[in-house]
Amino acid sequence: METFDVIVIGGGMMGAPCARHLAEAGHSVALVAPPEPPVKTEWQGPFGSHYDAARITRRVAADADWSLLSTRSIARYRDLEARAGRSIFHETGALMAGPEEGPMATFTASFRAVARDLSPQPVELGACETWEDLGLALPSESVATYEADLAGWMDPRAMRDAQIALAGQAGATRFAQAAETRTGGRVTLTDGTTIEAAQVVVATGPHAAMGGLLPRVPRMKVWARTIAFARLSEETGAALADMPSVIFVPEGWNHDLYVLPPVRYPDGHLYLKIGGQVDSPRITSPAEMRAWFHGTGDADVGARLLRELANLLPGTSFEATHTEPCAVVWTDTGFPYIERIDATCTALIGGNGAAAKCGDELGRLGAIVATGGALDGEGYAQDFGGVWQDAATAAE
Ligand SMILES: Cc1cc2nc3c(=O)[nH]c(=O)nc-3n(C[C@H](O)[C@H](O)[C@H](O)COP(=O)(O)OP(=O)(O)OC[C@H]3O[C@@H](n4cnc5c(N)ncnc54)[C@H](O)[C@@H]3O)c2cc1C
């Protein structure tokens with residue numbers, strides 16, 4: 001039986017960088033990382049939240065800790081690209097906008113406060129300037145921060161490939177399959193192989209609360225999300241070439257939406273993408289996860305999102321539109337759980353819809369905890385402690 005210092009289960013946005021940081025620090029590492037499903041509708045699982053060509057990245061956030069997680073990760077993107085020979089970061093700029101009044105006023109005030117402490121400091125724009133300078137039609141009462149640099153979008157597939165490749169270059173062993181069971185430091189894989197380590201990091205994304213690999217059940221909710229895509233002609237794509245990533249609150253909405261600028265997808269076409277929900281169905285079992293990922297998302301949600309995309313970009317024609325499913329994990333704290341649960345197991349879970357851009361830093365923090373270190377000297381107000389179900393809360 002092969003033995004390692006650390007086994008990392010889950011090669012997604014947090015697990016893959018965790019394995020890289022551990023391997024580059026000289027530990028012997030096994031990374032248990034199933035591939036992205038070749039055909040999602042035929043895949044029996046597990047699933048991940050990184051099956052896409054683009055995720056927004058930005059330093060501005062409604063919370064200083066999320067901003068710091070991203071700022072530190074963004075500062076390492078170019079090094080990862082250079083060493084792994086992959087194009088990850090597209091510095092198109094990012095806009096974050098919200099109303100000064102109403103139910104979302106706190107959101108706006110929070111991200112403006114965080115932006116004021118950043119260096120270089122993003123500029124503030126009103127709705128008129130956003131239309132004149134960027135061609136984006138925001139609700140008239142909006143205030144926005146605009147980061148021209150160190151923001152835009154990152155390619156989660158390229159990021160994952162880079163992290164796994166660099167972990168391998170540093171000596172890590174990848175097992176391209178799922179883990180079925182864990183007993184202490186002993187992990188059994190789908191093909192029956194058993195491997196062992198002093199420490200096991202569980203970074204299984206949307207499966208964390210339902211996979212049985214953690215010694216305790218984390219309090220977290222998994223939401224089924226729909227994203228909508230608008231295909232563009234090359235001409236329209238060129239006209240929007242300077243478009244930033246956008247987070248905004250449409251007129252009358254009580255939550256924000258996100259929009260990715262034109263991105264070329266594996267089918268060769270350019271697409272805009274829009275997403276953002278607060279009221280989607282919950283996913284509570286592997287069977288529900290499979291059913292959701294085998295579908296195409298919710299068409300009504302998609303139609304509503306595409307209407308808001310058309311409002312943001314008046315006069316822009318879409319050649320075609322479609323929707324896709326995904327899943328996000330919200331924790332009770334609003335932050336990832338990065339915690340050593342017992343002598344052989346560390347949890348690195350709970351992206352809260354925001355961990356693709358800052359997965360590298362979350363992976364680094366996971367590596368510190370997995371090797372017995374503490375996070376209180378890392379500059380965060382948050383302790384990343386987990387909240388775990390007990391008998392009383394198990395049914396919720
Ligand atoms: C629609 C959508 C849009 C998003 N947009 C953004 C954005 O713009 N910016 C941003 O920063 N974030 C965004 N996110 C959030 C981001 O993608 C997640 O926060 C991030 O992927 C979470 O990282 P993770 O490592 O916890 O999980 P994942 O990235 O999901 O990785 C988990 C991995 O664990 C593996 N796994 C599960 N079970 C097992 C097992 N038993 N054995 C082995 N492996 C297993 C899975 O295959 C997967 O590869 C978005 C998410 C969604 C769904």
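Using only Cα atoms, find the angle between the long axis of helix 105-116 and the longest principal axis of the chain, and express it within 0 to 90 degrees, rounded to the nearest 10.
80
Using a 1.4 Å probe, what is the accessible area per residue for the chain, in Å²?
40
Pulled fully out, how much extra length does the chain show between ALA343 and ALA148, if you take 0.36 nm times their separation in residues and subtract their Cα-Cα distance?
Taking 0.36 nm per residue and subtracting the Cα distance, the gain is 65.7 nm.
For region 1-127, list log₁₀ I(q)/I(0) at each q in 0.14, 0.18, 0.22 Å⁻¹, using the Debye formula over Cα point scatterers of equal strength and ignoring solvent, two decimals each.
The computed values of log10 I(q)/I(0) come out as -0.85, -1.11, -1.30.
If you take the C-alpha gyration tensor of the chain, multiply each eigenvalue by 5 and take the square root, what semi-axes do you get, largest first, in whole Å?
Taking √(5λ) for each eigenvalue gives 35, 22, 21 Å, largest first.
Give the carbon-plus-sulfur fraction of the accessible surface of region 46-154 in %, rounded to a whole number; probe 1.4 Å, heavy atoms of protein chains only.
Percent of accessible area from carbon and sulfur atoms in region 46-154: 52.
How big is the gap, in Å, between the Cα center of region 323-357 and the Cα center of region 46-98?
A separation of 17 Å, based on Cα centres.
Which angle from 0 to 90°, rounded to the nearest 10, does the C-alpha axis of helix 359-370 make with the longest principal axis of the chain?
The angle comes out near 30 degrees.
With unit charges on the beta carbons (Lys and Arg positive, Asp and Glu negative) and the dipole taken about the Cα centre of the chain, which residue among ALA62, GLY102, GLY126 sits farthest to the positive side?
About the Cα centre, the residue reaching furthest to the positive side is ALA62.
What list of ³J(HN,Hα) couplings, whole Hz, do you get for region 212-220 from phi and the Karplus terms 6.51, -1.76, 1.60, once you set θ to phi - 60° and write x for glycine and proline?
Here the 3J(HN,Hα) series is x, 8, 8, x, 9, 8, x, 7, 7 Hz.
Run down the lysines and flag those whose C-alpha is under 22 Å from the C-alpha of LYS40, throwing out any fewer than 8 positions away in its chain.
LYS273
Share of region 288-396's accessible area from carbon and sulfur, percent, 1.4 Å?
Carbon and sulfur atoms account for 50 percent of the accessible area of region 288-396.
Label-point separation (nm) for ALA238 and TRP131, each offset 7 Å from Cα along Cα-to-Cβ?
A separation of 2.7 nm, rounded to one decimal place.
By how many nm would the segment from ASP79 to THR183 lengthen if fully extended, with 0.36 nm per residue of separation less the alpha-carbon distance?
Full extension of this stretch gives 33.8 nm more.
Residues in region 32-50 near a label at GLU2, defined as backbone nitrogen under 15 Å from the 7 Å Cα→Cβ point?
32-35
Putting +1 on Lys and Arg Cβ atoms and -1 on Asp and Glu Cβ atoms, find which of ALA303, VAL29, ASN254 reaches farthest to the positive end of the dipole of the chain.
Towards the positive end, the residue furthest out is VAL29.
Using each residue's phi in region 164-176, evaluate 6.51 cos²θ - 1.76 cosθ + 1.60 at θ = phi - 60° and report the 3J(HN,Hα) Karplus result to the nearest Hz, with x for Gly and Pro.
Karplus values, whole Hz, x for Gly and Pro: 5, 5, 5, 4, x, 4, 8, x, 5, 9, 9, 10, 7.
Please list 3J(HN,Hα) in residue order for region 65-75, calculated via the Karplus relation 6.51 cos²θ - 1.76 cosθ + 1.60 where θ = phi - 60°; whole Hz, with x for glycine and proline.
Using θ = phi - 60°, the values come out as 5, 4, 5, 5, 4, 6, 4, 5, 5, 4, 5 Hz.
If eta is 1.002 mPa s and T is 20 °C, what Stokes-Einstein diffusion coefficient results for region 300-356, Kirkwood Rh from Cα pairs, in µm²/s?
Translational diffusion coefficient: 145 µm²/s.
Could you give the size of the charge dipole of the chain about its Cα centre, using +1 on the Cβ of each K and R and -1 on the Cβ of each D and E, expressed in debye and rounded to the nearest 20?
940
At 0.36 nm per residue, minus the direct Cα-Cα distance, what do TRP330 and ARG282 gain on full extension? Give it in nm, one decimal, please.
16.2 nm
Counting other Cβ atoms within 10 Å of each Cβ, which GluC sites (Glu not before Pro) in region 243-314 have at most 16 and sit in a DSSP loop?
Filter output for region 243-314: GLU251.
The values are calculated or read from the model by the stated rules, or taken from the named source; none is laboratory data. Since the structure is predicted, the reported quantities are computational estimates derived from the model, not experimental observations. Please note: Cβ atoms are built from the backbone with ideal geometry, for glycine as well, and neighbour counts cover all protein chains shown. Only protein heavy atoms, including side chains, enter the accessible area calculation; ligands, DNA and RNA are left aside. Shrake-Rupley method; radii C 1.70, N 1.55, O 1.52, S 1.80 Å.
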